[in-house]
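Read through the structure below, which is laid out as structure tokens, and then see the notes.
Read the figures in this text as sums done on the coordinates, not as results from a lab. Predicted, not measured: the structure shown is a model, and the values here were computed from it. In this analysis, Cβ positions are derived from the backbone assuming ideal geometry, glycine residues included, and neighbour counts consider all displayed protein chains.
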């Protein structure tokens, strides 16, 4: 196996990845591969890791892992980048274009690729303007910036009819995972417009392609999940009407496919959207409809989240008794633990999230001490790589401290949230913080508040 020298076409020896070898420790390559596969299952990912793959990584033959492995490695070692793990930057892994032309960006890893990695490349390249191109276009995947994809109104050219198989379906499913990964790290503002192109392509495959019945079921589910993901990006960007439209599209897909899991997911997100839009009764109806669909799925965690959505609706209606009943039900279901039947998209719903959602309920009811306690717990429990959620919980904590009259505490947490918002782009969280800042301005005489307001004006959060 050879690598290309940066100063010429001659071969250069690969360098062993000593970092990954050290991380393996006393485990055998086979035992380490088992640990990698176990970590993948924890985040709903699938990788075909075996002792041979581990050996190739440690020998330096795999200079940059594919995206599936990257997610798994980042889950195993939070806070470490690819280079921290001994790999080359993704943008540095390049190969010759067909016919010996200029060097072109290569998919991660180098030939010979295992079948699993070939499939990974195929499923990424079929979507025009998909998440991989999206990351490059936004500068999230390296220093180079690619040309922006066509406007959402543009229809990508696809052969008609096009044969759709497993590789294309995996491409749709992988687009959903990539959007979620980028959203966790960067927020929805910069992702929304371009992620919509992936959704268009998915529905073109569904509407114009030819496929088997089994492929159709997977493609419908994938397109529906992609519509929900794009709807969430719209929600996080404060494009609430757009979000509602995407959720309606996903619900129609779920109903046509008879997919209870997809239907429950749509109602879960729709309840959250309705609450943020100030429509509590609609939030209640959506949460309850989601619970009806989810009861057939055998996932206590999903029912727990939907019960939290219901609690949020009751809180906005100032019905404390009904809210507390829903909260108790949510915690009881959550404490039963996770199951293999839990949906992949629910990986975010852990102890930090349930604490954060409960904090929102108490804040809506004006119970500021309990709201602040739960928001503080959410901040403490949130893993550092989920920057958007850290910013969200910190902004909520600032709001709750202000509600109880703790001006210095509100200012300190608002400042922390503003600094986190320099790293993520979420109009929803930015709006929350702007509301807190506006309320604090009348207390500018307090030194901590004055310091926060001065800092805040110089951050992207105030733009």
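Listing for the model above:
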{"quantity": "Highest average packing first - 31-37, 406-412, 416-422, 211-217, Cβ atoms within 10 Å", "calculated": "416-422, 406-412, 31-37, 211-217"}
{"quantity": "Two-site label geometry, residue 166 and residue 318: point separation in nm, points 7 Å out along Cα→Cβ", "calculated": "5.9"}
{"quantity": "Burial order of peptide ranges 390-396, 347-353 (average beta-carbon count within 10 Å, highest first)", "calculated": "390-396, 347-353"}
{"quantity": "Segment residue 325-residue 22, length gained on full extension (0.36 nm per residue, minus Cα span)", "calculated": "104.1 nm"}
{"quantity": "Residue exposure sequence - 203, 456, 69 - by fewest surrounding Cβ within 10 Å", "calculated": "203, 456, 69"}
{"quantity": "Additional length obtainable on full extension of the chain from residue 77 to residue 31, 0.36 nm per residue less Cα span", "calculated": "14.8 nm"}
{"quantity": "Packing-based exposure ordering (other Cβ within 10 Å, fewest first) of 75, 399, 413", "calculated": "75, 399, 413"}
{"quantity": "Relative packing of peptides 226-232, 298-304, 444-450 - highest average C-beta neighbours within 10 Å first", "calculated": "226-232, 298-304, 444-450"}
{"quantity": "Viscosity 1.002 mPa s, temperature 20 °C, Stokes-Einstein D of the stretch 336-420 from Kirkwood C-alpha radius, µm²/s", "calculated": "163"}
{"quantity": "Residue order, fewest to most beta carbons within 10 Å, for 365, 240", "calculated": "240, 365"}
{"quantity": "Inverse of mean 1/r across different Cα pairs in the stretch 272-349, Kirkwood, Å", "calculated": "12.5"}
